[in-house]
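The values are calculated or read from the model by the stated rules, or taken from the named source; none is laboratory data. It should be emphasised that the depicted structure is a prediction, and the values quoted were computed from it without experimental measurement. Using ideal geometry, Cβ is built from the backbone for each residue, glycine included, and neighbour counts are taken over all protein chains shown. Heavy atoms of the whole protein, side chains included, go into the accessibility calculation; ligands, DNA and RNA do not. Shrake-Rupley method; radii C 1.70, N 1.55, O 1.52, S 1.80 Å.
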Amino acid sequence: MKKYALMLLVLLCGCASQSDEPPFEINNKQLHTKLDEQGNKIFAYVVSVKSNSRANLNLDRPLTRQQFKNFAEQEYFEESNSLKLELEDQAVHLLKQELHDKKYCRNDKYEINEVLWRDLSVRLMGRCL
């Protein structure tokens, strides 16, 4: 019985120590609009995130297991495909809201034709239907 209580305590402590900090912070959103040669409304929406600096390890002292685990689990936006996909999903949601607020596309109908990635940003390009 004591083993089960100890295991439950360890699991609860592990869950409680996880941070609720967002994996990235959006620092810039821009909607660019214009008409193409045929008079169709087109747009480009750029969403950028802040760069999170890499933590420095002090190699003069031995690392504890927890310090090593924390360092190994850190995700950096530039290297993480999952964080980039998460930003892309969020950018699509923000674009939808922006187009709706500005009443740019009639009946809120549009399509995204291209997605371009930079180090710390994503650009969604498309047109109104």
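Figures for the structure shown
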| item | result |
| --- | --- |
| D119 paired with Q97, simple spin-label distance in nm, labels 7 Å along Cα-to-beta-carbon | 2.8 nm |
| Rounded accessible area of R127 (nearest 10 Å², 1.4 Å probe) | 90 Å² |
| Unsatisfied cross-links (Cα-Cα over 21 Å) in the set K34/K109; K50/K109; K29/K96; K29/K103 | K50/K109 |
| Pairwise FRET efficiency - S51 versus I112, Cβ, R0 = 41 Å, nearest 0.05 | 0.95 |
| Estimated FRET transfer efficiency when R0 is 22 angstrom, pair E88-K34 (beta carbons, to 0.05) | 0.45 |
| Estimated inter-spin distance, L63 and R127, nm [label 7 Å along Cα→Cβ] | 5.1 nm |
